[in-house]
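A.B. asks: What follows is a single structure, and I will ask about it in a moment.
The values are calculated or read from the model by the stated rules, or taken from the named source; none is laboratory data. Predicted, not measured: the structure shown is a model, and the values here were computed from it. We place every Cβ from the backbone using ideal geometry, glycine too, and count neighbours over all the protein chains shown.
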Amino acid sequence: MQADIALIGLAVMGQNLVLNMNDHGFTVAVFNRTVSKVDDFLNNEAKGTKVLGAHSIPELVSLLKRPRRVMMLVKAGAAVDEFIELLLPHLEAGDIIIDGGNSLFEDTIRRTKYVESKGLLYVGTGVSGGEEGARRGPSIMPGGSPAAWPHVKEIFQAVSAKVEDGTPCCDWVGENGAGHYVKMVHNAIEYGDMQLICEAYQLMRDGLGMTPDEMHETFAAWNKTELDSYLIEITRDILAYKDTDNLPLIDKILDTAGQKGTGKWTVISSQELGIPITLIGEAVYARCVSAMKEERVAAAKKLKGPSKKISADRVKFLEDIRQALYASKIVSYAQGYMLMRAAAQHYVWNLNYGGIALMWRGGCIIRSVFLGKIKEAFEKNPALANLLLDPFFKQAIKEGQRSWRNVVATAAKKGLPVPAFAAALSFYDSFRNDRLPANLLQAQRDYFGAHTYERIDQPRGQFFHTNWTGRGGKTVSGTYLA
Ligand code: 6PG
């Protein structure tokens, strides 16, 4: 009984996290469903470390100190439930099962309840940062049974990324599914950030006719501005990367995007909670449109549009794109935070919004200088209702607005798709509009279905119906909000 923690699942993330824990002085016992992988790992990547191999679940559990901590890094879904069932007979009250995969938060809510009903504790944690992050320091977002936190805190905070002052990018997020919810929103924001960068890239490539090397220079310069972030940095490097024939690899990659579900789950949750995360929605749909490759190729031959060439001054227009990206990014994060606020209320989680920005500040895929500003905004005003109202971000949008509008308008005139830039701008203009056309919408609903409406000259909560045609009856439809 010597290992501090067990880890099940020796795929890329699992192996790297084990080595990271080992580096920090923890003894890790490992197991994998395909058992031969355990020995492979011990004889190769983990050679010379203190890592212990187990060839069965009972052996794995027998190697652990009490309370036992068993972390799974397996594919989200059925595999997690299967391992919980395999583990339960060998664990005892107070032991802790940890799921570090990208699980759906509703599954984590259910599993926390189930594992707690057996007298054990459960942690569902987001782990972000890919292979490199897992090895050198990921962002870790744990939720689940609060009583488990003191038992995992030391290991998690030791192996996580640190911000400049040494603060770990890992803190307790909240009960049951809170950690996985926050990780899900992280991934969705990742979708948004990536889509914004891709739209900027298409404007440069197709509108301004820039080469990958020229775009590499542009992203390198942008990474020294407010946009300084991991995703801009890797974009810079991707654009400079040459294939074996010395031509840019980027030009040879098929334009159909994959997705593993976290973006889609976030949009589903936003629909259920009634929160407009329009930019993320567009980012998910943009991947779906990209996947319709054959249909697009056929349509391209038939559906005509204007010339894509943008004749504006290149330097000036590039600065407009940069400003558009920055302003849209602010809207995207504002929307992501609106969603987390609504989820916290609905699922009764006490989320620390500044703390979440700090966890995302380092280690994870969306890490950026920008997140430091979000942390400051919530530190100054923990009750901040919307990021767009924070003085710093309000000013940033004010300064970038002309450029942002110019980019969206130019893209529309040139037939270049900018779904995320445009969605962000439309949201901004809707959000700051105190008189939207929904009065007409309510009139239409009342006209065809007697759904009733409220009046501007009467108190809220009183509902009226008009017999618009003179042929309708007096019966009105019930009022309720979906
Ligand atoms: C991370 C990543 C990671 C994974 C994404 C990819 O935070 O380290 O987000 O979780 O790479 O889930 O998601 P898609 O396959 O849906 O793009």
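A.B. asks: Which pairs have Cβ atoms under 6 Å, sit 6 or more apart or on different chains, and link a residue in the range 362-376 that is away from the ligand (no atom under 13 Å from the Cβ) to one that is in a loop (DSSP other than H, G, I, E, B)?
C.D. replies: Listed by first residue and then by second, the contacts come to Val369/Asp228.
A.B. asks: So for the range 258-267 (the condition being under 30 Å from Leu481 (Cα atoms) and touching a Cys at 6+ places or on another chain (Cβ under 8 Å)), does at least one residue qualify?
C.D. replies: No, the conditions are met nowhere in the range 258-267.
A.B. asks: Please count how many residues of the range 243-257 are under 14 Å from Tyr201 (Cα atoms) and either of a type in the set (Ser, Thr, Tyr) or surrounded by 13 or more Cβ atoms within 10 Å (Cβ to Cβ) (or both).
C.D. replies: Result for the range 243-257: 1.
A.B. asks: A follow-up question, please. Taking Lys50 as meeting all but one of (1) surrounded by fewer than 21 Cβ atoms within 10 Å (Cβ to Cβ); (2) in a strand (DSSP E or B), write down the number of the exception.
C.D. replies: (2)
A.B. asks: Applying the selection to the range 37-67, what residues are under 17 Å from Leu86 (Cβ atoms) and touching a helix residue (DSSP H, G or I) at 6+ places or on another chain (Cβ under 6 Å)?
C.D. replies: Correct list: Ala54, Ile57, Pro58, Val61.
A.B. asks: Ok, one more. I'm trying to understand the selection: among the residues of the range 111-136, which are hydrophobic (A, V, I, L, M, F, W, C), part of a helix (DSSP H, G or I) and within 16 Å of the ligand (Cβ to nearest atom)?
C.D. replies: The one that is hydrophobic (A, V, I, L, M, F, W, C), part of a helix (DSSP H, G or I) and within 16 Å of the ligand (Cβ to nearest atom): Ala134.
A.B. asks: Just a yes or no: is a residue in the range 337-352 touching a residue at least 60 places away in the same chain (Cβ under 8 Å), part of a loop (DSSP other than H, G, I, E, B), more than 16 Å from the ligand (Cβ to nearest atom) and β-branched (Val, Ile, Thr)?
C.D. replies: Looking for residues that are touching a residue at least 60 places away in the same chain (Cβ under 8 Å), part of a loop (DSSP other than H, G, I, E, B), more than 16 Å from the ligand (Cβ to nearest atom) and β-branched (Val, Ile, Thr), one finds at least one in the range 337-352, hence yes.
A.B. asks: Something else: Listed residues Asp107, Asp39; which is exposed (fewer than 14 other Cβ atoms within 10 Å of the Cβ), in a helix (DSSP H, G or I) and touching a residue at least 12 places away in the same chain (Cβ under 8 Å)?
C.D. replies: The unique qualifying residue is Asp39.
A.B. asks: Right, another one. Has the range 368-381 got at least one residue that is among the hydroxyl-bearing types (Ser, Thr, Tyr) and either closer than 30 Å to Asn467 by Cβ or in a helix (DSSP H, G or I) (or both)?
C.D. replies: No: the range 368-381 contains no residue that is among the hydroxyl-bearing types (Ser, Thr, Tyr) and either closer than 30 Å to Asn467 by Cβ or in a helix (DSSP H, G or I) (or both).
A.B. asks: Look through Ala424, Ala443, Ala409 and report the one residue that is free of Cβ contacts under 8 Å to residues at least 40 places away in the same chain and either in contact with a Gly (Cβ under 7 Å, 6 or more places away or on another chain) or closer than 30 Å to Phe317 by Cα (or both).
C.D. replies: Step by step, each of Ala424, Ala443, Ala409 is checked, and only Ala409 is free of Cβ contacts under 8 Å to residues at least 40 places away in the same chain and either in contact with a Gly (Cβ under 7 Å, 6 or more places away or on another chain) or closer than 30 Å to Phe317 by Cα (or both).
A.B. asks: In addition: If I ask for residues that are among the small types (Gly, Ala, Ser) and either surrounded by fewer than 22 Cβ atoms within 10 Å (Cβ to Cβ) or within 14 Å of the ligand (Cβ to nearest atom) (or both), which ones from the range 175-199 would you list?
C.D. replies: Gly179, Ala188, Gly192
A.B. asks: OK, next. Just checking, does the range 144-165 include any residue being within 16 Å of the ligand (Cβ to nearest atom), part of a loop (DSSP other than H, G, I, E, B) and within 22 Å of Gly354 (Cβ to Cβ)?
C.D. replies: Yes - at least one qualifying residue is present in the range 144-165.
A.B. asks: Can you name the condition, by its number, that Ala240 falls short on among (1) surrounded by fewer than 18 Cβ atoms within 10 Å (Cβ to Cβ); (2) within 16 Å of the ligand (Cβ to nearest atom); (3) of a type in the set (Gly, Ala, Ser)?
C.D. replies: (2)
A.B. asks: Anything in the range 429-482 that is on the phi > 0 side of the Ramachandran plot and of a type outside the set (Val, Ile, Thr)? List them, or say none.
C.D. replies: Once the filter is applied, which keeps residues that are on the phi > 0 side of the Ramachandran plot and of a type outside the set (Val, Ile, Thr), the range 429-482 yields Ala450, Gly461, Gly470.
A.B. asks: Report yes if Val80 is over 31 Å from the mean Cα position of the chain (by Cα), part of a helix (DSSP H, G or I) and of a type outside the set (D, E, K, R), otherwise no.
C.D. replies: Taking the combined requirement at face value, the residue does not satisfy it.
A.B. asks: In the set Lys309, Lys260, which member is within 16 Å of the ligand (Cβ to nearest atom), surrounded by fewer than 16 Cβ atoms within 10 Å (Cβ to Cβ) and touching a residue at least 40 places away in the same chain (Cβ under 8 Å)?
C.D. replies: Just one listed residue meets the conditions, Lys260.
A.B. asks: Could you check, for the range 65-85, whether at least one of its residues is at pLDDT 95 or above and in contact with a Phe, Trp or Tyr (Cβ under 7 Å, 6 or more places away or on another chain)?
C.D. replies: yes
A.B. asks: Scan the range 58-86 for residues that are without any contact (Cβ under 8 Å) to a residue 40 or more places away in the chain and closer than 21 Å to Phe26 by Cβ and report the count.
C.D. replies: 1
A.B. asks: If you check Ile275, Ile250, which single one turns out to be away from the ligand (no atom under 12 Å from the Cβ) and more than 16 Å from Cys198 (Cβ to Cβ)?
C.D. replies: Ile275
A.B. asks: Sticking with this one: Residues in the range 280-308 that are more than 16 Å from Gln202 (Cβ to Cβ) and not in a helix (DSSP H, G or I): how many?
C.D. replies: Going through the range 280-308 one residue at a time, the tally reaches 3.
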